Amino acid sequence: MEDKKKHGGARPNSGRLKKDEVINLIETMDAISVPDTVWKMLYAKVLDSDVNAIKIWLSYRYGMPKQTIDQKTELKIPTIDMNEWK
């Protein structure tokens, strides 16, 4: 029983980053490149008709489209006639 593999549970470096780690990452990214420059480069790709750039631009400008889930599922329960089995 001691050789049982440990599946699941908490592991080092898994899960979301902590708030201060996210802020530190953003500050590091801003130090490498000014966000305005990146937006201009993205816009240049949009003008070149890059589909992925257009999707990114629209998702930031207008937000992601509202996703709907159809909850009208019909459950079909078969009827079994027990008299047929005799």
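The values are calculated or read from the model by the stated rules, or taken from the named source; none is laboratory data. Just so it is clear, the model here is predicted, and its values are computed rather than measured. Because the Cβ atoms are built from the backbone with ideal geometry, glycine has one as well, and the counts that use them run over all protein chains shown.
Restricting attention to the stretch 51-66, which residues are small (G, A, S) and over 16 Å from M41 (Cα atoms)?
Within the stretch 51-66, S59, G63 qualify.
Among the numbered criteria (1) at pLDDT below 85; (2) within 18 Å of R61 (Cβ to Cβ); (3) of a type in the set (D, E), which single criterion is violated by D48?
With respect to (1) at pLDDT below 85; (2) within 18 Å of R61 (Cβ to Cβ); (3) of a type in the set (D, E), D48 is out only on (1).
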